[in-house]
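Asker: Pasting a structure below so you can have a look.
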Amino acid sequence: MIEANALSRPITELKGVGSKIAERLQKLGITQIQDLLFHLPLRYQDRTRLLPLGSLKPSQECLIEGTVRLSQVKFGRRRSLLCYIDDGTGSIVLRFFHFSKAQQQQLEQGVRVRCFGEVRNGPSSLEMVHPEYKIIASEGIVPVDADLTPIYPTTEGVHQIGFRKLIKQALDLLNNEQLLPELIPPQAHFHEAARYPLSDAIRFVHQPPPDVDITLLLERKHPMQRRLAYEELLAQQLSMRQVRIQTQRHKAPILLSDKQHQKAFFNKLPFPLTFAQQRVVNEILVDIALDMPMQRLVQGDVGSGKTVVAAIAVLEAVAAGYQAVMMAPTELLAEQHFQTFKAWLEPLGITVGWCAGKQTSAERKQVLAQLKVAEISVAVGTHALFQDEVVFNNLGLVVIDEQHRFGVHQRLALRDKGRDANSFPHQLVMTATPIPRTLAMTAYADLNVSVIDELPPGRSAVTTAVIPDTRRADIIERVHIACQDKRQVYWVCTLVEESEHLQCQAAEDAANELKSALPDLTIALVHGRMKSLEKEQVMSAFKAGDTDLLVATTVIEVGVDVPNASLMVIENAERLGLAQLHQLRGRVGRGEVQSHCVLMYHPPLSENGQARLSCLRDTNDGFVIAQRDLELRGPGELLGTKQTGLPQLRVADLMEDQDMIAVMSQAADALLDNTPQNSKLLVNRWFGHKIDFGHV
Ligand code: ADP
Ligand code: MG
């Protein structure tokens, strides 16, 4: 029995853990002794060998030793103590900004010192700034550490040494008990990494033996680390599955109509669906005709036509007698969907309502009242739809557009919204951010995925140029020519994202500059600080072709659809990530004319900036861009762990461990088939208190 294990006792039974420490540890999710064993080292310090000074490279963290040749205080911008040491193979400078008289005397010429620290490039040679050091006997051999030193994630009031002591106690208990329950049944071993015993792996990572392959360990590629990564990834997969299983236990309204509305809708729609759209529509209609909540993600590159797919699902919900909501991450996009839905649905006698943050309270009151009694069948809006005061009469379907802006938690919150007693609305989430397959398998393990992998016919690929802002005048001339050709143009201003205010300011400045440079053009400005009515007017004027040039902040990033716009200039493009640039660029190339995008940068361009901009220049394929983004930024940044609601991983790595991620779905199936009771235990072991999906 697992409960009988000493390791499941509270940490307060360990030496040195009083109520105060226990409270602090709890913040890290550590309450049982076993939790300490799963508090894994972030990395290791290697104090087991001395590196020759002649071999050092910048950013190496290492143990060195040498004789002080010269020690002097320098009075530069900051007073500092410099000690030049050498060991016969080379030399290095130790630099101290804070030092006592005693230290200065101690580090005198001729003494032998041993130091641990990070090597850096100094003004004239390699340096270590404030290394840990000790003076050692000038003769004979002084032993080095036998083991690597693990470095743990710490918390206020419990530091490295504290953790080492506690974990040592937990490991001693583990050695007595010989028992850390294996929760992964052999049937769920789909990778060689899974084969090693868990207890061995845990002991190993906390106390790597002296003969360990240090390079493997430091690169986190040792089989014992991989064993833990396998288990962690499986736990993550299972946590997402739990969400899904819990949802599937609930009922959902059956959304199935006689298709009269659909017929009328298609009669008016000016284009036929693409094959891919048709396929995805069918997948959705099958799902929502079941009495189990749909949880489906639609992935489709920018411009692939997701809105109409959503509209068809919404239409089916309404035709079946239920309400539906469509939610977008920005007010601008929500407004646009509102207009589109009104144009498509109102002729069929369907009422569409609007719900956003910047509404007058009278307007809002009215919409809320109408929603409550189902006088409005379809609500379009922003996250304002989440609020408690929003009450639906009989919500059958929730559509969330551009899902990457909303996390798991919000997704769940909105689903809970329409719940009554035992029934949930169906849920459709749509994203234009294609994420690499392995990542999708983790981030969206609670969803079924449909892909619109085809663009509507007649689109020509956007050509992209990367141009320094020293050629700004040429670019402005190019804008001029495009507008004289009756094309419309976006001019996008970016700035460090934290400051919306500065971004709006930059857009205002750019608009003024362009107005004086191009007096014959009609130029408008849109940014996040404008009132919604104002924004709406500017956007509809642009859409109607009354404006030649729209200067905007990144508010236009998602979803805005003006087919006649065929040129986009993005200022300071190097400041934006690949995904965001791809989204922005997706605003052009929506009609049949050849479209262009100018990525203007401020030189000099960093290596990474160069890689990003050339990637965009070379391809329009969202999946290729996403893969490149993953390589350049890493998965954490790409998905934003916060945004996805995925818990932080301790040992696994979504990039490095793709081979394991690829088998996780199978492994989770096998575990749930063979030892379903272990699923919860495994999730708890790794993510304990950090996940609160369980409130369903
Ligand atoms: P996204 O997938 O980026 O949200 P939208 O739904 O905004 O794309 O569609 C982009 C444009 O393509 C819109 O103007 C839309 O009306 C149009 N569109 C969608 N589907 C088709 C189709 N099958 N044929 C032609 N045009 C289409
Ligand atoms: Mg869209």
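The values are calculated or read from the model by the stated rules, or taken from the named source; none is laboratory data. All figures in this text were calculated on a predicted structure; none of them were measured in a lab. Please note: Cβ atoms are built from the backbone with ideal geometry, for glycine as well, and neighbour counts cover all protein chains shown. These area figures cover heavy atoms from the full protein model, side chains too; ligands, DNA and RNA do not enter into them. Shrake-Rupley method; radii C 1.70, N 1.55, O 1.52, S 1.80 Å.
Asker: Looking at segment 19-75, which of the residues that are touching a helix residue (DSSP H, G or I) at 6+ places or on another chain (Cβ under 9 Å), in a strand (DSSP E or B) and of a type in the set (Ser, Thr, Tyr) is farthest from Ile214 (Cα to Cα)?
Answerer: That would be Ser71.
Asker: Here's another thing I want to ask about it. Within 23 Å of Asn393 (Cα to Cα) and within 10 Å of ligand 1 (Cβ to nearest atom): which single residue out of Ala356, Ala311, Ala317, Ala324 fits that description?
Answerer: Ala311
Asker: I'm trying to understand the selection: among the residues of segment 329-378, which are more than 16 Å from ligand 2 (Cβ to nearest atom), of a type in the set (Val, Ile, Thr) and outside any loop (DSSP other than H, G, I, E, B)?
Answerer: Val352, Val367, Val378
Asker: Name the single residue that is nearest to Asp520 (Cα to Cα) among those in segment 558-582 being open to solvent by less than 10 Å² (accessible area, probe 1.4 Å) and within 14 Å of ligand 2 (Cβ to nearest atom).
Answerer: Per the stated criteria, the residue is Val562.
Asker: Need the failing condition index for Val286 against (1) more than 30 Å from Gly303 (Cα to Cα); (2) without any contact (Cβ under 8 Å) to a residue 12 or more places away in the chain, just the number.
Answerer: (1)
Residues checked against (1) under 32 Å from the mean Cα position of the chain (by Cα); (2) more than 16 Å from ligand 1 (Cβ to nearest atom):
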{"position": "Glu534", "(1), (2)": "no, yes"}
{"position": "Ala541", "(1), (2)": "no, yes"}
{"position": "Ala544", "(1), (2)": "no, no"}
{"position": "Asp548", "(1), (2)": "no, yes"}
{"position": "Ile556", "(1), (2)": "yes, no"}
{"position": "Asn564", "(1), (2)": "no, no"}
{"position": "Met568", "(1), (2)": "yes, no"}
{"position": "Glu571", "(1), (2)": "yes, yes"}
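For every residue, the table says whether it meets (1) in a helix (DSSP H, G or I); (2) surrounded by 20 or more Cβ atoms within 10 Å (Cβ to Cβ).
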| position | (1), (2) |
| --- | --- |
| Val308 | yes, no |
| Ala317 | yes, yes |
| Gly321 | no, no |
| Ala324 | no, yes |
| Val380 | no, yes |
| Leu385 | yes, yes |
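Asker: Let me spell it out: the conditions are (1) open to solvent by 40 Å² or more (accessible area, probe 1.4 Å); (2) modelled with pLDDT of 90 or more, and His480 meets all of them except one. Which number is the exception?
Answerer: Of the numbered conditions (1) open to solvent by 40 Å² or more (accessible area, probe 1.4 Å); (2) modelled with pLDDT of 90 or more, the odd one out for His480 is (1).
Asker: What's the number of the only condition in (1) in contact with a Ser or Thr (Cβ under 7 Å, 6 or more places away or on another chain); (2) in a loop (DSSP other than H, G, I, E, B) that Gly88 fails to meet?
Answerer: Here Gly88 meets the rest and fails (1).
Asker: Looking at Val286, is it near ligand 1 (Cβ under 9 Å from one of its atoms), aliphatic (A, V, I, L, M) and open to solvent by 10 Å² or more (accessible area, probe 1.4 Å)?
Answerer: In short, no.
Asker: Please count how many residues of segment 339-367 are among the hydrophobic types (A, V, I, L, M, F, W, C) and open to solvent by 30 Å² or more (accessible area, probe 1.4 Å).
Answerer: Matching residues across segment 339-367 total 5.
Asker: Which residues, taken from segment 561-592, are of a type in the set (A, V, I, L, M, F, W, C) and closer than 20 Å to Ser540 by Cα? Let's see the steps before the verdict.
Answerer: We begin by selecting, within segment 561-592, every residue of a type in the set (A, V, I, L, M, F, W, C); these are 562, 565, 567-570, 573, 576, 578-579, 581, 584, 588.
Val562, Ala565, Leu567, Met568, Leu584, Val588, listed by residue number.
Asker: Among the residues of segment 402-454 satisfying the criterion of being within 16 Å of ligand 2 (Cβ to nearest atom) and part of a helix (DSSP H, G or I), which is modelled with the highest pLDDT?
Answerer: Here the residue is Gln403.
Asker: Next question. Which pairs turn up if I take residues in segment 168-183 that are modelled with pLDDT of 90 or more and outside any loop (DSSP other than H, G, I, E, B) and look for partners that are among the charged types (D, E, K, R) and open to solvent by 80 Å² or more (accessible area, probe 1.4 Å) with beta carbon separation below 8 Å, at least 6 apart in sequence or on another chain?
Answerer: Within 8 Å, the pairs are Gln169/Lys15.
Asker: Additional query: Could you give every pair whose Cβ atoms fall below 6 Å, whose first residue belongs to segment 577-605 and is at positive phi and of a type in the set (Gly, Ala, Ser), and whose second residue is part of a loop (DSSP other than H, G, I, E, B) and buried (at least 19 other Cβ atoms within 10 Å of the Cβ), counting only separations of at least 6 or pairs across chains?
Answerer: Short answer, once both residue conditions are applied: Gly589/Val462; Gly589/Ser595.
Asker: So in segment 226-252, with the set limited to residues that are modelled with pLDDT of 95 or more and either open to solvent by 10 Å² or more (accessible area, probe 1.4 Å) or among the basic types (Lys, Arg) (or both), which one is farthest from Lys680 (Cα to Cα)?
Answerer: Among those that are modelled with pLDDT of 95 or more and either open to solvent by 10 Å² or more (accessible area, probe 1.4 Å) or among the basic types (Lys, Arg) (or both), it is Arg226.
Asker: Among the residues of segment 223-280, how many are farther than 30 Å from Phe190 by Cα, in a helix (DSSP H, G or I) and more than 16 Å from ligand 2 (Cβ to nearest atom)?
Answerer: Summing the residues that are farther than 30 Å from Phe190 by Cα, in a helix (DSSP H, G or I) and more than 16 Å from ligand 2 (Cβ to nearest atom) in segment 223-280 gives 12.
Asker: Across segment 352-402, what is the total count of residues that are without any contact (Cβ under 8 Å) to a residue 40 or more places away in the chain and under 11 Å from Ala324 (Cα atoms)?
Answerer: Of the residues in that region, 2 qualify.
Asker: Go through segment 123-148 and report how many residues are at pLDDT 90 or above and surrounded by 15 or more Cβ atoms within 10 Å (Cβ to Cβ).
Answerer: 6
Asker: Based on what the data block shows, is Leu315 more than 16 Å from ligand 2 (Cβ to nearest atom), touching a His at 6+ places or on another chain (Cβ under 7 Å) and closer than 19 Å to Met430 by Cα?
Answerer: yes
Asker: When you look at Ile64, is it of a type in the set (Val, Ile, Thr) and either in contact with a Ser or Thr (Cβ under 7 Å, 6 or more places away or on another chain) or under 30 Å from Ser199 (Cα atoms) (or both), yes or no? Walk me through it before giving the result.
Answerer: Numbers: of a type in the set (Val, Ile, Thr): yes; either in contact with a Ser or Thr (Cβ under 7 Å, 6 or more places away or on another chain) or under 30 Å from Ser199 (Cα atoms) (or both): no.
So Ile64 does not fit the description; no.
Asker: Can you say whether Ala313 is surrounded by fewer than 24 Cβ atoms within 10 Å (Cβ to Cβ) and either in contact with a helix residue (DSSP H, G or I) (Cβ under 9 Å, 6 or more places away or on another chain) or under 19 Å from Glu402 (Cα atoms) (or both), as far as the supplied structure shows?
Answerer: When the stated conditions are applied, Ala313 does not pass them.
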